[in-house]
Amino acid sequence: MTSKHLELTQVGIDFPTPKGPFTALCDVNLKIEKGEFVSLIGHSGCGKSTVLNIVAGLHQATTGGVILDNAEVKEPGPERAVVFQNHSLLPWLSVYKNVELAVKQTLRGKSKKEIRDWVMHNLELVHMTHATDKLPSEISGGMKQRVGIARALAMEPKVLLMDEPFGALDALTRAHLQDSLMDIHADLGNTVIMITHDVDEAVLLSDRIVMMTNGPAATVGEILDIKLPRPRNRLALADNPEYNHYRHEVLTFLYEKQKKIEPVGSKKSTKSSVAGKPDSKSDAA
């Protein structure tokens, strides 16, 4: 990772409301190196998804902008593939056809054999070659998300954008997909930006964790470098003092430096992976 290739400079965005413009983001500055894995974390409503959508070209910044490899990001493009929490597979197409559709849009001029080989290669990366002919309704939620990741990877993106890709999955499936993602990142060296509410997930997967301040006018609060050696093993890290130090740093930011003010009468969940208690419903932050 030697060359910075993605840069957000003084990014801000306003959304119109009946009461006037609402400033969601203000002065977001971030430089990301090629091949880096960066997680965005923060309380709900802090603009994490808005940052991701601006990088994806789905939103236009009101101020500032995004540069990818010396070109300004103005609209969506295949060099920036998005994996959403909802897999977004087309229900009438098979697993194979869902990935093939993305390949045909980005690898034009390829022969049928080249297209098939590339589709199967990407399905193999996520261990889904056994389900090529199945419809999305015939496979589990974790499998659907694997296909969504394969579809994104098949576009050969420079940047893989992931918006809470494992947030709706049970804890065991989530862990398996985290391991798969680490393997894929090690093999391909893609630049990855991932939104998560899960502190353990952020520390396990990331090279850096970008912690967002609360909105409105949210911005980058702190950036934490994760210097744990790769490959990473979750069991080995469970009692690792450095791993737990990083967890503590993120939790301190979220619960002391950026306390979320709860409405009067609201009930806080006591089961949250952000609070250090693994749970499949880990959206408390």
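Scanning the stretch 47-91 for residues that are under 11 Å from VAL11 (Cα atoms) and of a type in the set (S, T, N, Q) turns up THR50, GLN60, THR62, THR63.
Just name the residue that is surrounded by the fewest Cβ atoms within 10 Å (Cβ to Cβ) out of those in the stretch 61-97 that are out of contact with any strand residue (DSSP E or B) (no Cβ under 8 Å at 6 or more places or on another chain), free of Cβ contacts under 8 Å to residues at least 24 places away in the same chain and over 15 Å from ALA152 (Cα atoms).
By that ranking, first place goes to ASN70.
Quick one: how many residues across the stretch 90-114 are in a helix (DSSP H, G or I) and within 18 Å of LEU125 (Cβ to Cβ)?
11
If I filter the stretch 237-285 down to residues being exposed (fewer than 10 other Cβ atoms within 10 Å of the Cβ) and at pLDDT 90 or above, which single residue comes out as nearest to HIS176 (Cα to Cα)? Result: ASP239. Of the residues making up the stretch 40-57, those that are touching a residue at least 24 places away in the same chain (Cβ under 8 Å) and in a loop (DSSP other than H, G, I, E, B) are GLY42, HIS43, SER44, GLY45, CYS46, GLY47.
Just one residue in the set THR17, THR62 is at pLDDT 95 or above, hydroxyl-bearing (Ser, Thr, Tyr) and over 28 Å from LYS227 (Cβ atoms); that residue is THR62.
Only a single item in (1) farther than 29 Å from GLN258 by Cα; (2) modelled with pLDDT of 95 or more; (3) of a type outside the set (Ser, Thr, Tyr); (4) surrounded by fewer than 16 Cβ atoms within 10 Å (Cβ to Cβ) is not met by ARG108, and it is number (2).
The values are calculated or read from the model by the stated rules, or taken from the named source; none is laboratory data. If you're wondering where the values come from, they're calculated on a predicted model, not measured in any experiment. When we count neighbours, we look across all protein chains shown, and the Cβ atoms used for this are built from the backbone with ideal geometry, even at glycine.
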